[in-house]
Amino acid sequence: MLTPQTLLRTKPVEQIADEGAHTKLKRSLGLLPLVSLSVGATLGTGIFVVLGNSAPLAGPAVVLSFVLAGLAALFSALSYAELAGAVPVSGSAYSYSYATLGELVAWICGWCLLLEYGVSVAAVAAGWGEYLNSFLDSALGLRIPDALAAPPGGGGIINLPAAIVVLLATVVLLGGIRESAAVTTGTTLLKIGVLVFFVAVAVTGFRSGNLTPFSPQGLSGIASGASLVFFSFIGFDAASTAGEEARNPRRDLPRAIVISLAIVTAAYVLVALTAVGAVGVDVLSSSKASLATVLQTVTGMGWPATLLAFGAVVAMASVVLTVLYGQTRILVAMSRDGLVPKLFSRVNRRAVPAANTVLVGVVVALLAGLVPLGQLAEATSIGTLVAFGLVNIGVLVLRRTRPDLPRTFRAPLVPLTPLIGLGLCLWLVFGLAKETWQAFGIWTAVGLVVYLGYGIRRSRLNRPSAGEAERPDPAS
């Protein structure tokens, strides 16, 4: 029977932790792979593509848009770090909401995370195709025909490179978490090196005149830019989806979340400042592969742009890999709770949720190939901001209801810190376009239909033994 008590029932923290402790996933990740996972999931399309899209909104003050978005992410990151240390499982914000705000809110959060991770993978893949074309053009004088490099509505039939990179990432994930982590660490170090190279070259062309007028649209332009570039910070929470594959999750998850956000924010601000200072807003916004264009303009030579484009191809491919990983692990947690079919939590001999990974990979490949990048980026931002807001609320609730719960990290100045994080999320989410809100409304409505038609009846909290932790399904 549908009652408020049913919709608001919470899952005991002890039960969630016990299920994580008896996971069928393989615990093999230390601090460095976890940091690489979060940095790898974050550092990509946001700076390589979205910088050019957001510069016209804020002008040179797009640098402040990155700072503002980074602050919003920071306060939420502190809340994530606290909950990751207290509830170290694979479900990320979904599991935290289940323990604090109840099943309905947890479902909505999980549904938002599916939007965040799934659609952001597609968005990154779409941007990847643009940089691949830039690299092929500068290195070999070749280009993929527009019909095969852009989605319907974007001047083509299908973005084939975008679909292919998603499918390649799916194959890597099927190889196992240890192998996937090694690839992620290597590509993350490479893209940090490429961005350091970019800053070193771009700063030689820095002109203070390119920063004036600094904020032509005022605070509203900075806020609008921040709402869009917040997409660039999506992924710092990726380590929290690895709670059941970390060797020491209570110690390492909070550290990985905070360290990765610090690295990413510093990189974004430096790159945005040197890019705008080198060529100005107009040049940045005129090219899809904006950073490669900056190096071409500053040096007058092709090889720096070619090197940057190659780095972007590798960097964005690693984002596809890591975010796709996070998507599958959230589905594992939701499946284990009975809210989505058991298929998503079954693992194979390599301790990989294989059917889950294949299904997600195919669906995301279709999105990447058929939907324009701009629409994907904004849809991702709104789903992320809702999930972040719920995590901030979760910290407040858990501090009140379970003050005795062991925490390996405590967000400072509670309740101020999560309240600021929540307020910034609300501010940014209301800066998104009306069309984005409409799409989000439709997505949420579909999610509620799925929950009321399937999840609420199949929830494991309906079972008499729900108070006792159930072991994950055996490997298929």
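The values are calculated or read from the model by the stated rules, or taken from the named source; none is laboratory data. Nothing here was measured: the structure is a model prediction, and the numbers come from that model. Here the Cβ is made from the backbone with ideal geometry for all residues, glycine too, and neighbour counts use every protein chain on show.
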- Query: For A84, are the conditions met, namely being surrounded by 24 or more Cβ atoms within 10 Å (Cβ to Cβ) and closer than 22 Å to V194 by Cβ?
  - Reply: no
- Can we say F197 is more than 19 Å from I330 (Cα to Cα) and at pLDDT 90 or above? yes
- Message: Suppose the filter is modelled with pLDDT under 80 and either within 24 Å of the chain's Cα centre (by Cα) or not basic (K, R) (or both); does G175 pass it?
- Response: no
- Take T241 and decide whether it is surrounded by fewer than 24 Cβ atoms within 10 Å (Cβ to Cβ) and among the hydroxyl-bearing types (S, T, Y). no
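Out of G110, G129, G118, report the one residue that is touching a strand residue (DSSP E or B) at 6+ places or on another chain (Cβ under 8 Å) and either in a helix (DSSP H, G or I) or at pLDDT 85 or above (or both).
Numbers: G110 fails: touching a strand residue (DSSP E or B) at 6+ places or on another chain (Cβ under 8 Å); G118 fails: touching a strand residue (DSSP E or B) at 6+ places or on another chain (Cβ under 8 Å).
The match here is G129.
Would you check if T328 is hydroxyl-bearing (S, T, Y), out of contact with any Phe, Trp or Tyr (no Cβ under 7 Å at 6 or more places or on another chain) and either under 23 Å from G235 (Cβ atoms) or assigned to a loop (DSSP other than H, G, I, E, B) (or both)? Break it down into steps so the answer makes sense when it comes.
Values: hydroxyl-bearing (S, T, Y): yes; out of contact with any Phe, Trp or Tyr (no Cβ under 7 Å at 6 or more places or on another chain): yes; either under 23 Å from G235 (Cβ atoms) or assigned to a loop (DSSP other than H, G, I, E, B) (or both): yes.
So T328 fits the description; yes.
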- Message: Checking G91 against (1) buried (at least 24 other Cβ atoms within 10 Å of the Cβ); (2) in a helix (DSSP H, G or I): exactly one of these is not met. Which one?
- Response: (2)
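How about the range 132-157: which of its residues are in contact with a Lys or Arg (Cβ under 9 Å, 6 or more places away or on another chain) and at pLDDT 85 or above?
Step one: of the range 132-157, the residues in contact with a Lys or Arg (Cβ under 9 Å, 6 or more places away or on another chain) are 133-134, 136-137, 149.
L136, the sole residue that qualifies.
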- Residues satisfying the stated conditions in the range 16-58, i.e. assigned to a helix (DSSP H, G or I) and surrounded by fewer than 19 Cβ atoms within 10 Å (Cβ to Cβ): D18, A21, L31, L32, P56
- Message: Criterion first (part of a helix (DSSP H, G or I), in contact with a helix residue (DSSP H, G or I) (Cβ under 6 Å, 6 or more places away or on another chain), of a type outside the set (G, A, S) and at pLDDT below 85) does M316 satisfy it?
- Response: yes
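Applying the selection to the range 275-285, what residues are touching a residue at least 12 places away in the same chain (Cβ under 8 Å) and surrounded by fewer than 24 Cβ atoms within 10 Å (Cβ to Cβ)? First the steps, then the outcome.
Let us first name the residues in the range 275-285 that are touching a residue at least 12 places away in the same chain (Cβ under 8 Å), namely 275-281, 283-285.
Correct list: G277, A278, G280, V281, V283, S285.
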- Message: Of everything in the range 227-282, what is among the charged types (D, E, K, R), closer than 26 Å to G176 by Cα and out of contact with any helix residue (DSSP H, G or I) (no Cβ under 7 Å at 6 or more places or on another chain)? Give them in sequence order.
- Response: R247, R251
- Query: Counting only residues that are surrounded by fewer than 16 Cβ atoms within 10 Å (Cβ to Cβ) and either modelled with pLDDT of 95 or more or in a helix (DSSP H, G or I) (or both), how many does the range 346-362 have?
  - Reply: 1
- Message: I need the full set of residues from the range 400-419 which are within 18 Å of I257 (Cβ to Cβ) and not in a loop (DSSP other than H, G, I, E, B), in order please.
- Response: T417, P418
- Query: Can you tell me which residue in the range 439-460 is surrounded by the most Cβ atoms within 10 Å (Cβ to Cβ), limited to those that are over 16 Å from D337 (Cα atoms) and touching a Gly at 6+ places or on another chain (Cβ under 8 Å)?
  - Reply: F440
- Message: Criterion first (in a helix (DSSP H, G or I) and surrounded by fewer than 24 Cβ atoms within 10 Å (Cβ to Cβ)) does L343 satisfy it?
- Response: yes
